[in-house]
Amino acid sequence: MAMTSDIKQFNLATGQRAERKKLITILEWQEPAHDGTTTGTETVKAVLGIRTEDSSIDYNADVQQSTDICGNNYTDVNKTQPSQSFDPHLILGGDRLGAYLNDIRRRNALSELQNFTAYIITAFIGDSTNGYEAERHTDCSVVYDSIGGDSNVNFPYTVYFSNKITNGTVDKLDPTFVFTPDVSA
């Protein structure tokens, strides 16, 4: 098993807890340009989780356990299928992702739900000088779970990460960041 010798430490004081806002998920997609032209696309990025009180990345590991004839237990982890749900996700003015997902829903264009790039930024590793650790997941799917609600319209969705991961850093903690892939040895 290969081990890395440069494990990066958390940029937290000893015993300090990482705040939830230090784990940031940003989604990127292409949509038709909004400049009135009929051709061309633009890249859109959105921070996920606005007005969502609780959201975690679930790894959904495929685990197999067995016991040999000597009574020893063994566990094999075959794969993970990470996903992250955002519920509630309220319909808000200016929400480009909500508008895009609703357009896909209206047209029943389900194949368009599979063309997203997700970035998971761990802002508790790194800094603004050297960059914050990040993972880029390409070919992710975003699936809306329902639409409706009581006094406000809720449009929750789930991001299904692809496991096509490129590790790297981002230079800042907002959607205008630049992602720099790690250099492989």
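We did not get these values from a lab; they are worked out from the coordinates using the rules stated. What you are looking at is a predicted structure, and each value in this text was computed from that prediction instead of being measured. Counting neighbours? That spans all protein chains shown, and the Cβs are built from the backbone with ideal geometry, glycine included.
Round to a whole angstrom and tell me the spacing of the C-alpha centers of the range 13-61 and the range 112-126.
Answer, in whole Å: 6.
For the range 102-185, how big is Rg over Rh, using alpha carbon atoms and the Kirkwood form of Rh?
1.10
Scan the chain and report its longest stretch carrying no trypsin sites (Lys or Arg not before Pro) that are both in a DSSP loop and have at most 16 other Cβ atoms within 10 Å.
In the chain, the maximal stretch lacking such sites is 52-163.
Helix 96-107 versus the longest principal axis of the chain: what is the Cα-based angle in degrees, 0 to 90, to the nearest 10?
70 degrees
Just subtract the alpha-carbon distance of Asn130 and Gln114 from 0.36 nm times their residue separation and send over the number in nm, one decimal.
Taking 0.36 nm per residue and subtracting the Cα distance, the gain is 2.5 nm.
When the label point is put 7 Å from the Cα of Thr180 along its Cα-to-beta-carbon vector, which residues of the range 105-119 have a backbone N closer than 20 Å?
Under 20 Å, as judged by backbone N against the label point of Thr180, lie 119 of the range 105-119.
Report relative contact order for the range 69-185 in percent, whole number only (criteria: Cα-Cα under 8 Å, sequence separation at least 6).
RCO, the range 69-185: 27 percent.
Return one quarter of the surface area of the convex hull spanned by the alpha-carbon atoms of the range 1-107, equal to its mean projected area, in nm².
13.7 nm²
Within the range 20-180, how many Lys pairs that are eight or more residues apart, or on different chains, come under 23 Å at the alpha-carbon?
Close lysine pairs found across the range 20-180: 9.
For the chain, what mean projected area does the convex hull of the alpha carbons give, in nm²?
About 16.4 nm², averaged over all directions.
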